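Comments concern the structure below.
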Amino acid sequence: MTVRFSSNQVVDAGVQGMDNALADAMSWNQKVTSGKQYSKASDNAYAVSRGVRLDFDISRLDMFKANQNFVTSSHANAQTQMDSMINEMNSLKQLFVQSQSGALNKSNFAALKVQAEQIRDTIKSQMTARDATGNPIFNNDAEINKVQIEPNVMVESGVSFQKAFGSDGNLTYPESSSLYKNINNFVTYLGEMASGTMPTKAATVVSDGLNASFDQLTMAEQRSGGVSSQVDNARNAMTAFGTQMAASQSALLDTDMAAATASYTRAQTLLNAAQAMFARLQQSNLFSKL
């Protein structure tokens with residue numbers, strides 16, 4: 001049995017071969033130049049949709065990182081202030097010990113009062129201090145928000161004024177806080193001793209107040225430190241997770257340059273061969289007879 005091909009069939013096959021080779025070469029060239037395996041969703045719907053999902057997850061990671069940076073900065077500012085205030089409270093407690101010496105006279109008590117007043121006023125200014133952006137370092141309790149630092153993990157955005165200094169005061173009226181009142185009770189005690197009048201509050205009451213405020217401030221600093229440690233752990237976990245997701249996205253969507261370059265070279269070679277064959281066909285007697 002003899003199989004015959006028409007001249008048109010031969011030409012059409014040659015043209016189709018060139019078109020296929022050209023399309024293949026252009027496809028691989030696009031992958032090499034863009035660095036992406038897929039230029040549109042129809043190239044691979046699953047891979048592209050999965051890549052979009054990875055993009056969303058990476059965006060969520062960026063949000064977590066921004067929250068972590070905000071919380072870290074907020075608590076670091078508060079811890080710096082509280083550390084200084086705790087040192088000042090220690091100085092007040094030392095002044096109290098000195099005030100219990102039976103050898104002190106009125107002038108000595110007056111000198112101690114001046115030191116206590118200076119510390120009181122310094123602590124008051126720190127209670128209402130603001131950060132570089134102009135925001136209060138210690139916000140009122142109602143202004144403290146919960147911030148998500150990793151999936152399903154929320155922490156306080158900063159240190160509450162009331163939790164650090166007592167429930168009675170606020171940013172507007174720091175003098176109403178337990179911390180300020182207890183320090184001021186000590187200042188009043190020293191003033192009364194300096195004037196030779198009977199103290200309105202016993203020394204033990206004054207001492208207990210200073211100790212209570214010191215303990216509350218210390219606990220607030222420890223809680224803030226715990227949040228900072230939690231954020232550090234979350235940052236390490238999210239960094240590792242982000243690296244894994246970026247690698248997955250790259251493996252899914254980015255071009256394997258070695259393989260793509262080899263495939264492009266092969267497709268270009270096939271295109272050149274098809275073009276050469278068609279050129280010979282044009283010069284043949286068969287083509288001239290069409």
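The values are calculated or read from the model by the stated rules, or taken from the named source; none is laboratory data. Since we're looking at a predicted model, the values are computed, not measured. Neighbour counts are summed over all protein chains in view; Cβ atoms, including those assigned to glycine, are modelled from backbone coordinates with ideal geometry. Side chains included, ligands, DNA and RNA excluded: accessible areas come from the protein's heavy atoms. Shrake-Rupley method; radii C 1.70, N 1.55, O 1.52, S 1.80 Å.
What is the residue count in region 199-227 for residues that are under 11 Å from Y189 (Cα atoms) and of a type in the set (A, V, I, L, M, F, W, C)?
4
Could you list, in sequence order, the residues of region 109-119 that are open to solvent by 60 Å² or more (accessible area, probe 1.4 Å) and either polar (S, T, N, Q) or under 20 Å from S213 (Cα atoms) (or both)?
K113, Q115, Q118
Restricting to region 138-166, name every residue that is under 24 Å from N211 (Cβ atoms) and aliphatic (A, V, I, L, M). Full working, then the answer.
As a first pass, look at region 138-166 and keep what is under 24 Å from N211 (Cβ atoms): 138, 141, 159-166.
Hits for region 138-166 are V159, A164.
Checking I86 against (1) open to solvent by less than 30 Å² (accessible area, probe 1.4 Å); (2) β-branched (V, I, T); (3) without any contact (Cβ under 8 Å) to a residue 60 or more places away in the chain: exactly one of these is not met. Which one?
Single failed check for I86: (3).
Just name the residue that is farthest from S195 (Cα to Cα) out of those in region 120-138 that are open to solvent by less than 30 Å² (accessible area, probe 1.4 Å) and among the aliphatic types (A, V, I, L, M). Reasoning before the result, please.
First, the residues of region 120-138 that are open to solvent by less than 30 Å² (accessible area, probe 1.4 Å): 123, 126-127, 129, 136-138.
Still in the running and among the aliphatic types (A, V, I, L, M): 123, 127, 129, 137.
Working: I123: 25, M127: 30, A129: 34, I137: 38 Å.
Top of the filtered list is I137.
Sort through V155, V97 and tell me the only one that's open to solvent by 50 Å² or more (accessible area, probe 1.4 Å), over 17 Å from Y180 (Cβ atoms) and of a type in the set (A, V, I, L, M, F, W, C).
V97
Being under 29 Å from the mean Cα position of the chain (by Cα) and modelled with pLDDT of 95 or more, is that true of even one residue in region 137-144?
There is at least one residue in region 137-144 that is under 29 Å from the mean Cα position of the chain (by Cα) and modelled with pLDDT of 95 or more.
Failed condition for M198, given (1) part of a helix (DSSP H, G or I); (2) over 42 Å from the mean Cα position of the chain (by Cα), with all others met?
Among (1) part of a helix (DSSP H, G or I); (2) over 42 Å from the mean Cα position of the chain (by Cα), the lone unmet condition for M198 is (1).
For residues that are among the aromatic types (F, W, Y) and more than 22 Å from P136 (Cβ to Cβ), scanning just region 162-214, find the one that is least open to solvent (accessible area, probe 1.4 Å). Working first, answer last.
Kept after step one, since they are among the aromatic types (F, W, Y), are these residues of region 162-214: 165, 173, 180, 186, 189, 214.
Subsequent filtering for residues that are more than 22 Å from P136 (Cβ to Cβ) retains 186, 189, 214.
Values: F186: 0, Y189: 16, F214: 38 Å².
Of everything passing the filter in region 162-214, F186 is least open to solvent (accessible area, probe 1.4 Å).
So which residues in region 111-153 are touching an Asp or Glu at 6+ places or on another chain (Cβ under 6 Å) and touching a residue at least 60 places away in the same chain (Cβ under 8 Å), if there are any at all?
I119, I123, I137
Is there any pair with a first residue in region 178-204 that is closer than 22 Å to K163 by Cβ and a second that is in a loop (DSSP other than H, G, I, E, B) and open to solvent by less than 30 Å² (accessible area, probe 1.4 Å) whose Cβ atoms are under 6 Å apart and which are 6 or more apart or on different chains, and what are they?
S178/G166; L179/G166
Considering every residue within region 147-155, establish whether at least one is within 22 Å of P199 (Cα to Cα) and in a loop (DSSP other than H, G, I, E, B).
no
Among the candidates S125, S167, single out the residue that is of a type in the set (G, A, S) and not in a loop (DSSP other than H, G, I, E, B).
After ruling out the rest, the residue left standing is S125.
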